[in-house]
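Visitor: Pasting a structure here, questions to come.
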Amino acid sequence: MNILYALIYAPDKGGSGAPIYTHHLMNGMIERGEHAGIVFSVHQSYRPNKYLSYQLHPLYFNHPPIFDNQPKAIGAIPFHHMTPRQVFDYIDAFYTEFAYLIQTEKYDLIHVQHGMYIGYAASMIKADYGTPYIISLHAMELNFLHEFPDPLLAMKAMVDANYICALSDLQKQRLLHEYTKDIIIRFHMKQKKCTQQEAEHEYQQIIGDKKINPDTIIVCPLGINTNHYDICSNVYLDDLEMIGNQKDLKLVMYAGRLIPMKGILHLLKAEQIYNKNNDVHTIILGGGECEDTVATAASKRSSITYLGFK
């Protein structure tokens, strides 16, 4: 099978879960003797990795849109800062590249990481060329739906998908609860500053009477293939030398972007509760808009160690 993947990041640069996840999916395709390529948006400064097993089809933008602050996404802007012209150019670029590759390389399926605008472009391809597509659902499509500039297009991507891959039953239920006609119309009214009658008319034009079919949502829990990793014991980490080697030391570790959505500010408040006996050490790794807050907390509390962005 020939599968064309689509993503808002460069998979060979990593930086968050989706590109790493996609990178391993594509390597698995190649290992099985199948064909895989990927279309993704990226800054003009990006230079493709020449040694990947799969084909790269980068779409270059001065300001590639993303959901939130991502240290490795050079020049990126959040979706809610896009102008109407940028939205049109973004969708058009994905649609044009999809159409070209489907016709020239005969891809059988489009696999979209994150629906939104990319999923909408895939729905247009499905209508024009009959190519099916699936969406791997991440938390971003749910957490940022309320601020997405075009909620109708996000809904269109979901209702037209042949399958949606959720990571848990809870995520599946949340998708069905939040991607509803009433909620999408309310978000559309807010974003476009239009009346409910206008929003309902546009909803009917773009989506019609379709809704997400629960039977098309497949729960595929993520896991770790331990064959890819060497699990070592007694590893000495220079960065943690200041903590000591107490045998019974209790540790809490946070690794991820330092942004409010990830809960880092809640963790700093919780630390004062779970460490009331002063017997727990908290280690924090990551970068982002809250890093100054984290660094300040670490400088004032000896029980917190901040290791910066790794």
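Visitor: Out of the residues in region 267-291 meeting the condition of being surrounded by fewer than 18 Cβ atoms within 10 Å (Cβ to Cβ), modelled with pLDDT under 95 and within 20 Å of ARG257 (Cα to Cα), tell me which one is farthest from the chain's Cα centre (by Cα).
Guide: Filtering first and then ranking leaves LEU285.
Visitor: Further question: Take ALA121 and tell me if it is in contact (Cβ under 8 Å) with a residue 12 or more places away in the chain and in contact with a helix residue (DSSP H, G or I) (Cβ under 8 Å, 6 or more places away or on another chain). Outline the logic, then answer.
Guide: Details: in contact (Cβ under 8 Å) with a residue 12 or more places away in the chain: yes; in contact with a helix residue (DSSP H, G or I) (Cβ under 8 Å, 6 or more places away or on another chain): yes.
Answer is yes for this residue.
Visitor: Could you go through region 90-109 and let me know if any residue there is at pLDDT 95 or above, hydroxyl-bearing (Ser, Thr, Tyr) and under 22 Å from MET189 (Cα atoms).
Guide: no
Visitor: Need at least 1 residues that are in contact (Cβ under 8 Å) with a residue 24 or more places away in the chain and buried (at least 22 other Cβ atoms within 10 Å of the Cβ) per element, so show me which strands (runs of 3 or more DSSP E) inside region 1-117 make the cut, counting only ones lying wholly within it.
Guide: Output list reads 2-7, 35-43, 109-113.
Visitor: Taking the criterion of being within 19 Å of LEU142 (Cα to Cα) and either modelled with pLDDT of 95 or more or not assigned by TED's automatic domain parsing to the domain that holds HIS23 (or both), would at least one residue in region 46-67 satisfy it? Spell out the reasoning first.
Guide: Filtering region 46-67 for residues within 19 Å of LEU142 (Cα to Cα) gives 65-67.
Those left that are additionally either modelled with pLDDT of 95 or more or not assigned by TED's automatic domain parsing to the domain that holds HIS23 (or both): none.
Taking every residue of region 46-67 in turn, none turns out to be within 19 Å of LEU142 (Cα to Cα) and either modelled with pLDDT of 95 or more or not assigned by TED's automatic domain parsing to the domain that holds HIS23 (or both).
Yes/no per residue for (1) under 23 Å from MET124 (Cβ atoms); (2) of a type in the set (Val, Ile, Thr); (3) at pLDDT 95 or above; (4) outside the structural domain of THR22 (by TED's automatic domain parsing):
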residue	(1), (2), (3), (4)
ASP169	no, no, no, no
LYS193	no, no, yes, no
ILE206	yes, yes, yes, no
LYS211	yes, no, no, no
ASP215	no, no, yes, no
THR226	no, yes, no, yes
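The values are calculated or read from the model by the stated rules, or taken from the named source; none is laboratory data. These figures come from a predicted structure and were not determined experimentally. Note: ideal-geometry Cβ built from the backbone for every residue, glycine included; neighbour counts use all protein chains shown.
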